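Contents: one structure, followed by commentary.
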């Protein structure tokens, strides 16, 4: 029993560290696309993988701790709030999508799109203006693109880790 708990704790630590490292790399090397707020969201590869190889209750802390660490390290209260809103909406949508016939790549696209919707919703609440949603088409396109990329990267990892868990 202790061995299983130790393995689970080690896996959590590795996943949080990897997600945080990917967040750090994105902070160091932002995308040169000239569109504010567009990021690859590479840490979501880890969150998607956690959702597939752990239970949702076990995967939530991986996502939440990564967001908190990145917000405290590279951001501010507002960026952390936007990330938490986007991360929560994204996680819930991906969890629901996982129960559908979609592949992890499709679930990742749902996550990328819904993360941006969650962030815009938080921004609209904070600014008390729905005008912020003019930016939605740009962020939806970015969410589809990054979701496809991250899902394609996560898919073989999920398959490999799922096989090793058997």
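The values are calculated or read from the model by the stated rules, or taken from the named source; none is laboratory data. Keep in mind it's a predicted model, so treat the numbers as computed, not measured. No Cβ is skipped: glycine too gets one built from the backbone with ideal geometry, and neighbour counts run over all protein chains shown.
Observations on the model:
- No other residue among 102, 110 is at pLDDT 95 or above, assigned to a loop (DSSP other than H, G, I, E, B) and within 27 Å of residue 137 (Cβ to Cβ) apart from 102.
- All positions within region 43-78 that are buried (at least 19 other Cβ atoms within 10 Å of the Cβ) and not in a helix (DSSP H, G or I): 54
- In region 21-42, the residues that are free of Cβ contacts under 8 Å to residues at least 40 places away in the same chain and not in a loop (DSSP other than H, G, I, E, B): 21, 22, 25, 26, 28
- Within region 32-42, the set of residues being in contact with a helix residue (DSSP H, G or I) (Cβ under 9 Å, 6 or more places away or on another chain) and either modelled with pLDDT under 95 or loosely packed, with under 15 Cβ neighbours inside 10 Å (or both) comprises 33, 35, 36, 37, 38, 39, 40, 41.
- Considering (1) under 23 Å from residue 17 (Cα atoms); (2) touching a residue at least 24 places away in the same chain (Cβ under 8 Å); (3) surrounded by fewer than 18 Cβ atoms within 10 Å (Cβ to Cβ), the lone condition that residue 103 does not fulfil carries the number (1).
- Residues in region 136-162 that are under 15 Å from residue 82 (Cβ atoms) and without any contact (Cβ under 8 Å) to a residue 24 or more places away in the chain: 136 alone.
- The numbered conditions (1) in contact (Cβ under 8 Å) with a residue 12 or more places away in the chain; (2) more than 27 Å from residue 123 (Cβ to Cβ); (3) exposed (fewer than 13 other Cβ atoms within 10 Å of the Cβ) are all true for residue 18 except (3).
- Test set (1) surrounded by fewer than 16 Cβ atoms within 10 Å (Cβ to Cβ); (2) in contact (Cβ under 8 Å) with a residue 24 or more places away in the chain; (3) under 18 Å from the mean Cα position of the chain (by Cα) - residue 83 fails condition number: (1)
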